[in-house]
Amino acid sequence: MKIRKYQEKGVNFIEIVNEINFKVTLCDLGAAIYGIYLNNTPMTLTTVDVDDFKKEGHYHGKTIGRVSGRIKNGKYIVNNKEY
């Protein structure tokens, strides 16, 4: 497995490629999955240009959307434990 970190146009990326040429590219902009590829064939839809990705008004591939951090009263309960 190969892991490569790089930055493009102010966005940090991590690219992970395994031995069967399955590649996942992650980025820190919205904790996003920027792309998933198998043998360099895209398996996800995304913008090609990073500038377009930064301006994108939608949340495709992002794990953090426009409502992150908006839990009522800043508290929630998991397994009877309050956080």
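The values are calculated or read from the model by the stated rules, or taken from the named source; none is laboratory data. Predicted, not measured: the structure shown is a model, and the values here were computed from it. Glycine also receives a Cβ, built like all others from the backbone with ideal geometry; neighbour counts cover every protein chain displayed.
If you take the residues in region 15-59 that are among the polar types (S, T, N, Q) and part of a strand (DSSP E or B), which one is surrounded by the most Cβ atoms within 10 Å (Cβ to Cβ)? Among residues in region 15-59 that are among the polar types (S, T, N, Q) and part of a strand (DSSP E or B), the one surrounded by the most Cβ atoms within 10 Å (Cβ to Cβ) is Thr25.
If we scan region 65-74, do we find a residue that is surrounded by 10 or more Cβ atoms within 10 Å (Cβ to Cβ), closer than 16 Å to Ile14 by Cα and either modelled with pLDDT under 85 or touching a Gly at 6+ places or on another chain (Cβ under 6 Å) (or both)? No, because not a single residue in region 65-74 is surrounded by 10 or more Cβ atoms within 10 Å (Cβ to Cβ), closer than 16 Å to Ile14 by Cα and either modelled with pLDDT under 85 or touching a Gly at 6+ places or on another chain (Cβ under 6 Å) (or both). Going through (1) under 30 Å from Met1 (Cβ atoms); (2) modelled with pLDDT of 90 or more; (3) of a type in the set (S, T, N, Q) one by one, Thr47 falls short only on (2).
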